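A.B. asks: Once you've had a glance at the structure underneath, I'll fire off some questions.
Derivation of every value follows stated rules applied to the coordinates shown; laboratory data play no part. Just so it is clear, the model here is predicted, and its values are computed rather than measured. Here the Cβ is made from the backbone with ideal geometry for all residues, glycine too, and neighbour counts use every protein chain on show.
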Amino acid sequence: MPSVAAIAIVLRAKYNRAMLKAISFLLALTAAAFAQDSAKDAAQVWNLEKAYWEYVKTNDLEKYRALWYEDFLGWPYVSSAPNTSKGVKLQSYSIEQLAIRVTGYIAINDYRIKADWATSKTAEVRTDALRITHTWIRTHGTWQILGGMSAPVNADGK
């Protein structure tokens, strides 16, 4: 007849296996839920990024600035310091998403854009081909741009 200690060891091993299976199952469900939320957040941020450029094009400063976090910090490649870009208007653009990562309440979005700008004083058009990184923060139930930086594309347009 088996001893009480031997029975306890067997029962504990069965209990541990059952608990490990349950924990593994719960972790898999949690990971799947986070992946779905992350994909949903990434799509939402990308749509806001596209809206950002539409607001620039239509010169809708109220909507454009509403996408900026109150302590936004950005540095466009064309400036040695932040500027206002007064006197230029976006005529057209094309945008290519390269990567987006969402972790909790922070999203980092990398993309390329080709933008045609016109000055209000002359008919001169300037074309910029840029790599842009925007860092977004989820705040007050929405996403806002926390910071950004741009650089010209390389000789291959990448």
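A.B. asks: Test VAL45 against the criterion of being within 18 Å of TRP117 (Cα to Cα) and either surrounded by 12 or more Cβ atoms within 10 Å (Cβ to Cβ) or out of contact with any helix residue (DSSP H, G or I) (no Cβ under 6 Å at 6 or more places or on another chain) (or both), and give yes or no.
C.D. replies: Working: within 18 Å of TRP117 (Cα to Cα): no; either surrounded by 12 or more Cβ atoms within 10 Å (Cβ to Cβ) or out of contact with any helix residue (DSSP H, G or I) (no Cβ under 6 Å at 6 or more places or on another chain) (or both): yes.
So VAL45 fails the test.
A.B. asks: Considering ASP156, ASP128, ASP116, ASP71, which residue is of a type in the set (Asp, Glu), farther than 25 Å from ASP37 by Cα, over 11 Å from the mean Cα position of the chain (by Cα) and part of a loop (DSSP other than H, G, I, E, B)?
C.D. replies: On the way: ASP128 fails: part of a loop (DSSP other than H, G, I, E, B); ASP116 fails: part of a loop (DSSP other than H, G, I, E, B); ASP71 fails: part of a loop (DSSP other than H, G, I, E, B).
Just one listed residue meets the conditions, ASP156.
A.B. asks: Pull out all pairs, ordered by first then second residue, where Cβ-Cβ is under 9 Å, the residues are six or more apart or on different chains, the first lies in segment 136-149 and is within 15 Å of THR103 (Cα to Cα), and the second is surrounded by fewer than 17 Cβ atoms within 10 Å (Cβ to Cβ) and of a type in the set (Asp, Glu).
C.D. replies: Taking only residues 6 or more apart or on different chains, the pairs are THR139/GLU70; GLN144/GLU70; LEU146/ASP71.
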